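Trainee: Got a structure for you, written out below as structure tokens; questions coming shortly.
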Amino acid sequence: MAASPDADDVHMAELPLETRCPPSPLRRYGGFWWPEPILPGVVAARARFVPRPSDVFLASFPKSGTTWLKALAFAADHPPRAPDHPLRCRNPHDCVEFLEGLFALSPSPVIRGGDVFAAHPSPRVIATHIPYLLPERVTAEGAGCKVVYVCRDPKDAFVSTWMFAKKMMEAAADADNNAPFAIEDAFELYCHGRSMGGPQWHHVAGYWDASRRRPEKVLFLQYEDMLRDPAGNVSKLAEFMGCAFSDGEEAAGVVRDIVELCSIDALKNMEVNKNGGQLYVKNESFFRKGVAGDWRNHLTPAMAARLDKIVEDALQGSEFTF
Ligand code: A3P
């Protein structure tokens, strides 16, 4: 490991660097590859975030269904009762913030020195792409915090990652960042674990193991299973988060309403998600196809078999298979 993930400080320039995975250079830290702009936030969060027993973390490898999970968890916590639900005017990423993102992007050095989540009221729902290297304060037996992890077929996560990177590069084209990013090159890097948050299979394995050891605190969901049975997964999620629906709410169709509100078609067509967002990350870029198996349209059978084998070998002994 290039640096201790417990360090409060990170000497970025000393960490292994990968510049071939746009949109950001990646640095290897704690066995994983991180976008350079986010890594200080990861380190700061690990050092200074103060968890509360009521916290719920939504964890994921990038492009694995994070946006959907954020929407579902937020809606489970704030069931849609009126037509003006916050998810109709805010992107899910503005409803549930990233732990490392807020620590990284907080503009005030004073705030950056402390815990940027301290002012958030309980119970807090907080997202993260950090692998199962969360601070011990969060994962310790007595901490009380819960974690919901969503994993996705690595082949679809790869394609989604590549598409997302290309979108960001197109958005930044006028900013001198328009070099082509061939899928073959991206795939080669991905197979070596070189992508945001990679290696994907180590990310998944950490949370899978944790969910086996502490099922009452770590809920492991699969994107493909959520697509197959969204209602069942919403009920499971709400129960796990401690906001199970009453019989009355169930009878009134709350689960159906949440599934509909958070469906990719509904979210994609909301004004805020069609036209909102930041300069290089438009809200619409979080909603593409939202299906299982799109890799078939982009990877050759040989590429798919190669990635499957890498993942299978890496997960051997973990009792988890995709
Ligand atoms: P595709 O690029 O395969 O379409 P993340 O939210 O972790 O960035 O993952 C993005 C992926 O989730 C994209 O996959 C996106 O289309 C899909 N997605 C976003 N919102 C979704 C939703 N409400 N339901 C299902 N999939 C969704």
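Trainee: Could you tell me whether ASP84 is surrounded by fewer than 23 Cβ atoms within 10 Å (Cβ to Cβ) and either among the hydrophobic types (A, V, I, L, M, F, W, C) or touching a helix residue (DSSP H, G or I) at 6+ places or on another chain (Cβ under 9 Å) (or both)?
Mentor: no
Trainee: Out of contact with any helix residue (DSSP H, G or I) (no Cβ under 7 Å at 6 or more places or on another chain), among the basic types (Lys, Arg) and in a loop (DSSP other than H, G, I, E, B), is that true of LYS236?
Mentor: So LYS236 fails the test.
Trainee: Okay, moving on. Filter region 285-322 for residues that are near the ligand (Cβ under 10 Å from one of its atoms), more than 15 Å from ARG152 (Cα to Cα) and part of a helix (DSSP H, G or I) and give the result.
Mentor: Answer for region 285-322, where residues must be near the ligand (Cβ under 10 Å from one of its atoms), more than 15 Å from ARG152 (Cα to Cα) and part of a helix (DSSP H, G or I): SER285, PHE286.
Trainee: Taking SER195 as meeting all but one of (1) over 18 Å from LEU26 (Cα atoms); (2) within 16 Å of the ligand (Cβ to nearest atom); (3) of a type in the set (Gly, Ala, Ser), write down the number of the exception.
Mentor: (1)
Trainee: Would region 264-281 turn up any residue that is under 17 Å from the mean Cα position of the chain (by Cα), within 16 Å of the ligand (Cβ to nearest atom), at pLDDT below 95 and more than 20 Å from PHE57 (Cα to Cα)?
Mentor: Yes - at least one qualifying residue is present in region 264-281.
Trainee: Here's another thing I want to ask about it. Do the conditions hold for ALA244, that is, is it outside any helix (DSSP H, G or I), surrounded by fewer than 17 Cβ atoms within 10 Å (Cβ to Cβ) and either more than 16 Å from the ligand (Cβ to nearest atom) or not basic (Lys, Arg) (or both)?
Mentor: yes
Trainee: Looking only at region 18-47, which residues are assigned to a helix (DSSP H, G or I) and within 26 Å of LEU219 (Cβ to Cβ)?
Mentor: Once the filter is applied, which keeps residues that are assigned to a helix (DSSP H, G or I) and within 26 Å of LEU219 (Cβ to Cβ), region 18-47 yields GLY41, VAL42, ALA45, ARG46.
Trainee: Further question: Being of a type outside the set (Lys, Arg), within 16 Å of the ligand (Cβ to nearest atom) and in a loop (DSSP other than H, G, I, E, B) is the filter here; which residues of region 131-162 pass it?
Mentor: Once the filter is applied, which keeps residues that are of a type outside the set (Lys, Arg), within 16 Å of the ligand (Cβ to nearest atom) and in a loop (DSSP other than H, G, I, E, B), region 131-162 yields PRO131, ASP153.
The values are calculated or read from the model by the stated rules, or taken from the named source; none is laboratory data. Note that the coordinates shown come from a computational prediction; the quantities given were computed from them, not determined experimentally. Glycine gets a Cβ as well: all are built from the backbone with ideal geometry, and neighbour counts include every protein chain shown.
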